Structures are given as structure tokens and as C-alpha cells.
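Worksheet for the structure shown next.
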Amino acid sequence: QQNSNKSNNEWITKTISNFSTLRTYLEKEHAKEKESRNNNNNNHPQQRRKVPVPKMKDRAAWHVFCLGREEAYGNLGGYEESGDEEEMEDEKEKKLEDDKEGGKDEGKEEKDSAENDNESKDPLTYHPTQIPPTGHEPTTSLLLQLDQVLTRRVFHHHVHYLCEWNFPLSKSRAAWMYALLARMEKPWHREECCAVRSVLRECCRRRWELKLPPPATNSADEEEVECSNGGAAWEQLALLNTLIAITGIYYEQGAVSGGDGIDALFTVVAKEKNSQK
């Protein structure tokens, strides 16, 4: 148990360190880009890599932009659903269409922020049909293209789908949320604190409900875990752990959420324990 706690603490320390390094890197690159813009240096790399993006309040469009149409519409991996699951996905798609329509109406009243005036100053125009099948990756250049107002808004969009609509925490969604959290500068408003706390609570809930197979002890066990889709459960655990560490420890939302420390944040129910009940 002591060795296990030591390994967990080492992983948490490394995860927090990597996240902090990314934040520092983004801050430095943003400063360079800003200085280059002030000096009218159009040859700077960040000045040449503009990506057309949706309107700020168009939640459904941002969902597709970040994840691609298949995942955004609840059909991750292109699988076919049936029965109740199919009805659930149809309902999600209907809600997404409603979001899209609502985004159009709200967009008429949206004022673009100073650093990301894509519609009035940028000659590039956003076209939904040009989105890659798996969406855009949160690259450094794309993150720096988004100012703080837009960064926070996109983060809120992801929180909405994760926490309110219970969309899966895929690699792509986790990568975007991780990247946006790294890009968000402090101080935060109350809305950002509440959103981050919601992510922490949702990730802790999913982690507690996650059913893990027993750890593999040899190659035969590893093959069995993969065949039984156990590998996906361990991958999900890694994604949840990362977001829990960032939101609960780095951003210190664990105590605010009423947590009992690190041990309470990183609690999971093993599959074998569930089977005994």
C-alpha cells in the first residue's frame, strides 16, 4: 500500500509538472506572438497559421470543430446503435441541431473580442464542410489564435457536453479540455471556477463508477484484457486521472468541492469488487 501511494504521488507530481510546463510554454509563445504583432512582423509563424473558426456562441459548431462530426453527434468510431441507445443518440443529435440553431441566433448579437476578430478582420471564413473527419487538434498555433474570451467560451462548451449531456470523455475531448485549461489565464471569474469544479466532480463520479478488470500479470492476461475491451477502461482511467489532477490539485478545486484530499479524488471501484456485491 505504501509503495502504491508513493507511485501515485510521483505520477501526480509529474502530471502537474508537465501541465505547468505547458502553461509556461503557451504564455511565452503568446508573448512572442503579441510582440511580433505589435512590431508588424507578418513573417512570424503565428501570423501565418490562421484557422477559420465558428462564432463564439455557436456551441454545436465548436463541438464539431474540435471533435469532428461523428463524435460530436454521438457516433464515436462510426459504430451503429440500436434500440434504446439509438433513440438516445437521435435525441443527442436533435439537441445538437437545436444548439446549432441557437448559436446562429446568438451569433447575431455577438461582439468579437479584440484579438480574435475572425469575421470582420480575418479574410478566412469558417465553413463546416471543411472540418477534418476527426476535428481539429488543439495545436499551439490554434490555441494562440484564440484569445482569453474565446478560450473560456470554448471550454464552457466542452463542460456543457461532458457534464450536462454526459458525452464520453474521449481522447480528443480530454486533449481539448487539457489544452484549454492550460491556455486559460488567471484570475478567473466565478463562471470559470464553477465550470472547472463541475469537471472535477464529473470526472470523480465517472472514475468511481468505472469498472476495471484486474491488472494483467502476463502477456496472456494482457491479450484477454484487450479482447474484453478492458484496455479501453484503463485508457479511460488515465484520461479521468489527468483531468482530476489538473482541476482538483493544480487548480485547487478539490477542497472547494468538499473533497477529502488526494485519496478521495483518486478512488475507483474494481470490477472484481463490484461482482461480489
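Tell me, what ³J(HN,Hα) does each residue in region 10-26 have, in order and in whole Hz, if you take phi through Karplus 6.51 cos²θ - 1.76 cosθ + 1.60 with θ = phi - 60° and put x for Gly and Pro?
5, 5, 4, 4, 5, 4, 5, 5, 4, 5, 4, 4, 5, 4, 4, 4, 5
Arg201 accessible area, nearest 10 Å², 1.4 Å probe?
130
Would you kindly state how much longer the chain becomes between Glu35 and Gln148 on full extension, computed as 0.36 nm times their sequence separation minus their alpha carbon distance, in nm to one decimal?
39.0 nm
Sorted by accessible area with a 1.4 angstrom probe, largest first, how do Cys193, Cys203 fall?
Final ranking, largest accessible area leading: Cys193, Cys203.
List the residues whose amide H sits under 5 Å from the amide H of Leu212, counting only those 5 or more places along or on another chain, with H placed 1.01 Å from N in the peptide plane.
Placed amide hydrogens put Lys271 under 5 Å from Leu212.
With every protein chain left in place and a probe of 1.4 Å, what is the accessible surface of Lys28, to the nearest 10 Å²?
Answer for Lys28: close to 130 Å² accessible.
From the backbone phi of region 237-253, what are the Karplus-calculated ³J(HN,Hα) couplings (6.51 cos²θ - 1.76 cosθ + 1.60, θ = phi - 60°) in whole Hz, Gly and Pro given as x?
Each residue's phi maps through the Karplus curve to give 4, 5, 5, 5, 4, 5, 5, 5, 5, 5, 6, x, 9, 4, 8, 6, 8 Hz.
May I ask you to give the solvent-accessible area per residue for region 125-200, in square angstrom, as obtained with a 1.4 angstrom probe?
Per residue, region 125-200 has 42 Å² of solvent-accessible surface.
By how many nm would the segment from Cys163 to Ser17 grow when fully extended, if each residue of separation counts as 0.36 nm and the alpha-carbon distance is taken off?
49.9 nm
Would you rank Arg37, Arg69 by solvent-accessible area, highest first, keeping every protein chain in place and using a 1.4 Å probe?
Arg69, Arg37
Determine the gain in length on full extension of the stretch Val51-Gln130; use 0.36 nm per residue of separation and subtract their C-alpha separation, reporting nm with one decimal.
Using 0.36 nm per residue and subtracting the Cα-Cα distance, I get 27.4 nm.
Leaving ligands, DNA and RNA out of it, rank Thr247, Thr242, Thr139, Thr125 by accessible area with a 1.4 Å probe, largest first.
Ranked list, largest accessible area first: Thr125, Thr139, Thr242, Thr247.
Excluding ligands and nucleic acids, what accessible area in Å² is computed for Asp58 using a 1.4 Å probe, to the nearest 10?
Accessible area of Asp58: about 20 Å².
The values are calculated or read from the model by the stated rules, or taken from the named source; none is laboratory data. Quantities reported herein were computed from a predicted structural model and do not represent experimental measurements. Just the protein is used for accessible areas: all its heavy atoms, side chains included, with ligands, DNA and RNA removed. Shrake-Rupley method; radii C 1.70, N 1.55, O 1.52, S 1.80 Å.
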